[in-house]
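Contents: one structure, followed by commentary.
The values are calculated or read from the model by the stated rules, or taken from the named source; none is laboratory data. Quantities reported herein were computed from a predicted structural model and do not represent experimental measurements. Cβ: placed from backbone, ideal geometry, glycine included. Neighbour counts: every protein chain shown. Ligands, DNA and RNA are stripped out before the accessible areas are found, and what is left, the full protein with its side chains, is counted by its heavy atoms. Shrake-Rupley method; radii C 1.70, N 1.55, O 1.52, S 1.80 Å.
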Amino acid sequence: MSAITVQNLSKNFRVKKQVPGFSGTVKSFFKPDWHEVSALEDVSFSIGRGERVAFIGPNGAGKSTTIKILSGILNPSTGSVEVAGLTPWEERQKLSYEIGTVFGQRSQLWYHLPARDSFKLLSSAYGLDKNTYTDRLSQLTEAFDIKDLLDKPVRQMSLGQRMRCEVVASFLHKPAILFLDEPTVGLDVSAKSVIRDLVYETSVEDGTTILLTSHDTGDMERVCDRVILIDQGQIVIDAPVSKLRSSYISRKIITLHMSVADMPFKMQGVEIAEKAPHKMVLNVDTSQQNVSAVIEKTLSLASMRDISIEDPPMEDVLRSIYKSGQG
Amino acid sequence: MEYDFLKKLHVLYVFAKTSFDDHMGHRLRLFFRFVMCVFFMFVFVEFWRLIARENFIDLPFPVDDVCWYACLTQMMLFLSPRLFISIDQDVRSGDISYLLIRPISYIAMRVSEGIGAMSANALLYYTAGIACVGFYIGSLPSTGWVGLGTALFFLYLGSILHLMYQAISGITALWLQQAEAFYRIYQKILIVLGGLYMPITLYPDWLYTLAKFTPVYVMMYGPAQFVLGWHQGDSPLEIFALLLFWFAITIFLLGWFYRTCVNRLEVNGG
Amino acid sequence: MDKGNLSYLWALLKLNMKAALALRAAYTVRTVFNIGNHAIYLFLWVVIFKTIPSIGGWRMEHILIAYGLGILVWGLLSFFAAGLRTLPRQIDEGSLDVYLTNPRPLLMNIALGSTQYAGPAEIIFGLIVLIIAGHLTAVSIPLLVFLGLCSFIVFASLVLAYGSLGFWLKDYHSSAEEMYFNFFIMATRPEAVFHNWMGWVIVTIMPIAFMTHIPLRALIDNNLYALGLTLIGTTLSALTAYTVFKTGLKRYESGNRFGVHG
């Protein structure tokens with residue numbers, strides 16, 4: 001049984017072309033140059049109940065457009081969509097009980113009031129009775145560790161804390177499907193991990209279907225089982241995360257800040273991507289070399305002031321996919 | 001030192017230019033606001049025609065001149081963008097903390113942007129707007145093109161001063177969480193003492209004298225009086241000198257108030 | 001109305017109150033400012049009527065009622081539907097996204113989703129001005145309440161209709177605010193100013209006549225015809241505003257309000 005079915009979805013926008021210079025400004029004032037831009041082209045996929053899918057791609061790929069169509073905010077140009085058996089833009093109100101949304105850039109919390117007040121308002125919006133609401137809130141409060149945040153005005157929270165509350169707000173009515181649009185954008189590394197783990201655990205517990213957009217490969221790896229990669233409005237890849245990882249994300253990037261200016265380093269499967277006094281960036285091929293082995297070796301050569309391990313940026317993953325001819 | 005000053009001036013020019021282009025780019029908005037302004041100006045014309053028709057008071061000016069006067073003061077309100085709202089939004093969204101660390105003064109940047117947007121408005125209002133008013137009234141003011149030109153020139157300068165007071169209103173958001181309350185007071189002072197509804201020479205003496213000693217005098221009545229006939233009041237030179245005087249005071253005031261509020265912001269941590 | 005919607009409306013109102021109280025200090029200063037601001041304006045009219053005894057049949061009493069009604073309505077809007085005033089900004093910021101995935105009526109969420117303005121002070125000030133204006137009898141009080149309600153609906157419709165232009169115009173928030181302010185000013189102007197084609201403008205595309213001018217005739221002259229006209233005008237304003245809003249919303253939903261997004 002599928003939770004989301006998308007068939008031949010397309011979306012076009014009309015945009016005005018900017019002309020540089022004063023004469024351009026005046027000219028386009030009298031005669032603007034409009035042209036059609038396609039954000040999505042003939043996209044089809046389906047997502048089963050309880051599946052966790054990442055919708056990834058570079059900026060402007062069409063991720064947010066898709067998620068907005070699926071949650072009923074935008075109308076498509078052509079194509080058909082079914083979410084929880086409903087057509088989103090036609091049965092928006094019915095749909096709202098089935099879905100939850102987290103938009104990284106927008107808040108559903110009241111800025112000057114404690115988060116608890118916003119939760120209460122949402123419970124009234126979804127018509128939860130008092131007991132259900134209290135139980136659900138205490139369950140989520142514990143899971144998301146926001147007990148101390150409940151009575152704090154939202155404006156005093158850090159972005160990470162606020163995001164935790166945003167996700168709780170979306171889980172409150174126990175939606176069957178949760179859409180997350182760039183949920184970790186702007187967060188620091190540890191706050192990102194917290195959000196990812198919590199979304200994962202809660203969705204497993206509730207059996208929530210997850211569709212998450214991101215241009216961060218980490219979001220996809222930690223939360224999702226399946227990944228749909230979209231670029232320039234078209235699906236490039238639709239595969240299990242494990243496959244993507246083994247085929248394309250076989251690299252980690254290690255940045256070292258050494259106490260010595262330089263150190264002699266050479267290791268199989270490791271490439272020195274950047275070198276500067278007191279700094280070295282290593283590109284590790286994880287199919288050939290273990291990350292902890294690399295760290296161990298560097299520590300044996302010099303003492304470190306700082307070490308960071310990162311996933312390769314989305315653009316690199318894309319590049320390696322295109323290079324392999326998959327795209 | 002001098003080079004540095006010129007460089008900063010150039011940066012401010014770029015801000016103004018960008019804002020000018022942006023304003024021109026939103027032509028629907030520009031037109032819509034213009035149409036509204038023209039309608040409100042016509043309402044003023046009708047207001048004074050009604051008063052002249054029913055002969056309530058002896059107008060010391062020809063009715064057409066008063067109509068021109070009223071249109072220009074109304075136009076002045078529409079000429080400048082609502083700068084205080086941009087500042088208010090920066091404060092409320094917290095963006096101001098990022099903008100403050102830029103090498104260029106935040107307030108200077110916003111005022112420059114205001115001048116840019118205002119110039120875009122002026123391009124339209126000073127041509128099509130004046131044409132509409134002239135057509136509707138049916139004649140030029142008795143001081144002719146020279147009087148009208150003088151008035152428009154000073155209105156432009158007065159509007160820059162107005163932008164600075166808008167900036168002051170905007171900064172009050174740091175203190176009141178919202179700039180509107182303060183702005184509305186200032187705006188009412190501008191409307192009443194500036195003489196939006198009638199030339200302030202028609203006011204009781206004490207109110208007229210009071211108005212003369214405020215900065216709003218050189219924003220509205222001061223410039224617009226040049227369509228009411230020569231030798232009514234001040235000479236252009238006097239208005240120019242008064243403008244310079246109020247610019248000096250206002251820049252000082254703005255700087256002081258801005259620093260006070262920013263210090264407050266740093267204490268609160270944004 | 002649906003019972004769930006009603007209880008949601010109540011929850012929203014309570015939360016608005018709470019948000020206002022959370023900002024008590026700023027709120028109080030603002031209240032003082034707002035009242036001062038209206039007082040300055042009223043003072044101007046006193047000055048004008050010292051020089052001119054009557055403008056097209058309007059005396060001080062007319063101005064007081066029009067102005068009292070205007071402030072009252074402004075206060076009611078700021079208190080019960082502040083979000084309508086910020087609609088263009090909400091559109092610009094994409095805040096409607098959140099409301100569109102909420103099961104409750106969109107307009108209710110837009111109108112009450114945030115409070116930022118004073119309101120109670122203006123409501124009280126407006127009432128005081130109306131009391132000073134006189135005309136309070138056993139008949140006129142219920143009539144005044146009814147006319148006040150109509151006036152509120154007309155103003156809210158104007159704000160909704162002109163705010164909805166934000167679906168077409170980018171960065172339109174501050175211009176819109178300017179517009180609302182001017183509607184308020186126009187509505188407190190003597191009716192006789194709007195003659196010829198202007199008379200048509202204020203009962204059609206800018207129906208401020210139904211906000212003060214026509215209700216005033218109903219109240220002061222006990223004109224039944226004016227009462228009927230007010231009722232029709234109010235209904236038509238509300239319907240038109242809703243249509244403009246709905247049309248604009250389609251543009252939002254089609255994404256053409258924003259152009260390409262990621």
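Each Lys and Arg contributes +1 and each Asp and Glu -1, all at the Cβ; summed about the Cα centre of chain A, the dipole is approximately 740 debye.
Surface analysis of chain A yields an accessible area of 46 Å² per residue, using protein heavy atoms and a 1.4 Å probe.
In region A:110-145, the residues that give up 40 Å² or more of accessible area when the other protein chains are added, compared with the chain on its own (1.4 Å probe), are A:Trp110, A:His112, A:Leu113, A:Asp117, A:Leu121, A:Ser124, A:Ala125.
Over region C:86-215, accessible surface divided per residue gives 29 Å², non-protein components excluded, 1.4 Å probe.
Defining a contact as two alpha carbons under 8 Å apart and six or more residues distant in sequence, what relative contact order in percent does chain C show? Walk me through the numbers on the way to the answer.
On the way: 296 pairs, mean separation 61.8, N = 262.
Rounded, it is 24 percent for chain C.
Only loop residues by DSSP count here, and only those with at most 15 other Cβ atoms within 10 Å; note down the trypsin sites (Lys or Arg not before Pro) in region A:220-327 that meet that.
Details: sites: A:Arg222, A:Arg226, A:Lys243, A:Arg245, A:Arg251, A:Lys252, A:Lys266, A:Lys275, A:Lys279, A:Lys297, A:Arg305, A:Arg319, A:Lys323; in loops: A:Lys266.
Of the trypsin sites (Lys or Arg not before Pro), the ones in loops of region A:220-327 whose Cβ has at most 15 other Cβ atoms within 10 Å are A:Lys266.
So, with a 1.4 angstrom probe, what is the percent of accessible area on region A:1-150 that is carbon and sulfur? Before the final figure, lay out the partial values.
Values: 3300 of 6950 Å².
After summing per-atom areas, the C and S share lands at 47 percent.
Working out 0.36 nm times the residue gap between A:Arg106 and A:Arg155, then minus their Cα-Cα distance, what length gain in nm do you get to one decimal? Before the final figure, lay out the partial values.
On the way: separation 49, 0.36 × 49 = 17.64 nm, distance 1.37 nm.
Taking 0.36 nm per residue and subtracting the Cα distance, the gain is 16.3 nm.
Between chain C and chain B, the total buried accessible area stands at approximately 4700 Å², from heavy atoms with a 1.4 Å probe.
Evaluated at q = 0.05, 0.07, 0.09, 0.10 Å⁻¹, the base-10 log of the normalised Debye intensity for the protein assembly as shown, with identical point scatterers placed on the Cα atoms, takes the values -0.34, -0.65, -1.01, -1.19.
For region B:1-132, the solvent-accessible area with a 1.4 angstrom probe is 41 square angstrom per residue. When the alpha-carbon atoms of region A:250-310 are used, the pair Rg, Dmax equals 10.4, 30 angstrom. Ignoring ligands, DNA and RNA, what percent of the 1.4 Å accessible area of region A:250-310 is carbon and sulfur? Using a 1.4 Å probe with all protein chains present, region A:250-310 comes out at 50 percent carbon and sulfur.
Considering only A:Asp129, A:Asp231, A:Asp285, the mean-square fluctuation computed in a Gaussian network model of chain A, springs between alpha carbons under 10 angstrom, is largest for A:Asp129. Would you work out the relative contact order for chain B, in percent, from Cα pairs under 8 angstrom that are 6 or more residues apart? Normalised by residue count, the contact order of chain B is 25 percent. For the residues C:Gly228, C:Gly113, C:Gly83, a GNM of chain C with alpha-carbon springs under 10 Å puts the largest fluctuation on C:Gly228. Pairs of Cα atoms nearer than 8 Å and 6+ residues apart set the relative contact order; for region A:2-245 it is 27 percent. Of A:Phe144, A:Phe119, A:Phe13, which has the largest mean-square fluctuation in a 10 Å C-alpha GNM of chain A? Most flexible of the set in this elastic network: A:Phe13. With both labels modelled 7 Å from their Cα along Cα-to-Cβ, the A:Asp129 to C:Leu231 distance reads 4.3 nm.
Using a/c under 1.5 as the rounded threshold, could you call region B:1-78 rounded, prolate or oblate? The axes a ≥ b ≥ c are square roots of the C-alpha gyration tensor eigenvalues, and prolate needs a/b larger than b/c, oblate otherwise.
Numbers: a/c = 7.34, a/b = 2.22, b/c = 3.31.
Verdict is oblate for region B:1-78.
Multiplying the residue separation of C:Met198 and C:Met60 by 0.36 nm and removing their Cα-Cα distance gives an extension gain of 47.4 nm. Counting only residues at least eight positions apart within a chain, or on another chain, the lysines with an alpha carbon under 18 Å from that of B:Lys8 are B:Lys17. To the nearest ten degrees, helix B:27-54 and the longest principal axis of the Cα atoms of chain B are 40 degrees apart. Take each residue in B:73-83, count the other chain C-beta atoms within 10 Å of its C-beta, and the mean is 2.
Rounded to the nearest 0.05, what FRET efficiency do B:Leu59 and A:Lys31 have when you use their Cβ-Cβ distance and R0 = 56 Å? List each step's numbers first, then the result.
Details: r = 46 Å, r/R0 = 0.82.
Given R0 = 56 Å and the Cβ-Cβ separation, E is 0.75.
Among the lysines, select those whose C-alpha is under 30 Å from the C-alpha of C:Lys50, and discard any that sit fewer than 8 residues away in the same chain. Within the straight-line limit of under 30 Å, C:Lys50 reaches these lysines: B:Lys188, B:Lys212.
Cross-link check: pairs A:Lys152/C:Lys3; C:Lys18/C:Lys250; A:Lys120/A:Lys152; A:Lys68/C:Lys246 evaluated at a Cα-Cα cut-off of 23 Å; pairs beyond the cut-off: A:Lys152/C:Lys3; C:Lys18/C:Lys250.
Kindly identify region C:1-63 as rounded, prolate or oblate by the Cα gyration tensor criterion: order the square roots of the eigenvalues as a ≥ b ≥ c, call it rounded if a/c is under 1.5, otherwise compare a/b with b/c, prolate if a/b is larger, else oblate. Mind dumping the intermediate values first?
Numbers: a/c = 9.24, a/b = 1.96, b/c = 4.73.
Because a/c hits 1.5 or more and a/b fails to exceed b/c, region C:1-63 counts as oblate.
Leaving ligands and nucleic acids aside, the A/C contact buries around 2900 square angstrom of accessible area in total at a 1.4 Å probe radius.
Computed about its Cα centre, the charge dipole of chain C is approximately 300 debye, with only Lys, Arg, Asp and Glu carrying charge at their Cβ. Accessible surface of region B:2-267, 1.4 Å probe: 69 percent of it comes from carbon and sulfur atoms.
Rg/Rh for chain A stands at 1.03; both radii use Cα atoms, and Rh follows the Kirkwood definition.
Per-residue Cβ counts within 10 Å, from other chains only, averaged over C:95-108: what number is that? Write out the running numbers ahead of the final one.
On the way: counts 4, 2, 12, 8, 2, 11, 17, 9, 11, 7, 1, 2, 0, 1.
Mean partner shielding for this stretch: 6.
Take the Cα of A:Ser246, step 7 Å toward its Cβ, do the same at B:Tyr136, and the gap between the two points is 7.6 nm.
A drop of at least 40 square angstrom in accessible area, chain alone versus all protein chains together, probe 1.4 Å. Which residues of region B:31-60 meet that? Checking the loss per residue gives B:Phe32, B:Arg33, B:Met36, B:Phe39, B:Phe40, B:Val43, B:Glu46, B:Phe47, B:Leu50, B:Phe56, B:Ile57. For region A:60-96, a drop of 30 Å² or more in accessible area on going from the chain alone to the assembled protein chains (1.4 Å probe) is found at A:Gly60, A:Lys68, A:Ile73, A:Leu74, A:Asn75, A:Arg92, A:Gln93, A:Ser96.
One chain, two ends: A:Glu90 and A:Met263. Fully extended at 0.36 nm per residue, the span grows by 55.9 nm beyond their Cα-Cα distance.
Taking every DSSP beta bridge that has both residues in chain A, what percent is antiparallel when rounded to the nearest 5?
In chain A, DSSP labels about 70 percent of beta bridges as antiparallel.
Please work out the FRET efficiency for the pair A:Ile272 and A:Ser190, using the Cβ-Cβ distance as r and a Förster radius of 35 Å; give the result to the nearest 0.05. Don't jump to the answer; show the numbers that get you there.
On the way: r = 28 Å, r/R0 = 0.79.
Step by step, r from the Cβ atoms, then E = 0.80.
Calculate, for A:Tyr200 and C:Ala138, the FRET efficiency according to 1/(1 + (r/R0)^6) with r their C-beta to C-beta distance and R0 56 Å; round to the nearest 0.05. Approximately 0.25, to the nearest 0.05. By the rule of a C-alpha distance below 20 Å, with chain neighbours fewer than 8 residues away ignored, the lysines paired with A:Lys243 are A:Lys252, A:Lys323. Over the residues of the protein assembly as shown, the helix contribution to mean residue ellipticity at 222 nm works out to -19000 deg cm²/dmol, using -39500 (n - 2.57) for each DSSP H run of at least 4. Remark: spin-label model distance C:Phe181-B:Leu100 equals 2.7 nm, labels positioned 7 Å along the Cα→Cβ axis. Within the protein assembly as shown, DSSP assigns beta bridges of which about 70% are antiparallel (rounded to the nearest 5).
Chain pair A, B: how much accessible area is buried, both chains summed, with a 1.4 Å probe, in Å² to 100?
Details: alone 16820 and 13700 Å², together 29710 Å².
In total, chains A and B hide about 800 Å² from solvent.
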